[in-house]
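Asker: Structure in structure tokens, see below.
The values are calculated or read from the model by the stated rules, or taken from the named source; none is laboratory data. Since this is a predicted model, take the numbers as computed values, not measurements.
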Amino acid sequence: MTDGEAFTATCLLFFLYGLANIPLTYILGYLFKDYGNAQGAVYFFNFVTGGIVTLIILVLRWIDTDSNKVGRGLAWPLRMIPSFAFGEGLVNMGSVTLLAAF
């Protein structure tokens, strides 16, 4: 993901994730009275949506045609969450890089 044009795409993905995650973190901070609880909740939320949910959607898209449709359908609304979009972008760029190697 760092060769040629893929490096530019990776840098752009990291930059846009940072810009998109700042307002979401600011908004989620209003749900809590204590800043420590807000920070822990935002970390957990980003971990779950960016890591675990991204992998679940990836596995759903790999299995068979019915679960592929479910995975693709669930991915569209989840792309509104910056950490999911970031994780999916990294997975997609890694898949392209992996497929280009063969």
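Asker: Is it fair to say F7 is within 19 Å of A85 (Cα to Cα) and at pLDDT 95 or above?
Answerer: When the stated conditions are applied, F7 does not pass them.
Asker: So which of L31, L19, L12 is aliphatic (A, V, I, L, M) and over 18 Å from the mean Cα position of the chain (by Cα)?
Answerer: Numbers: L19 fails: over 18 Å from the mean Cα position of the chain (by Cα); L12 fails: over 18 Å from the mean Cα position of the chain (by Cα).
Being aliphatic (A, V, I, L, M) and over 18 Å from the mean Cα position of the chain (by Cα) holds for just one of L31, L19, L12, which is L31.
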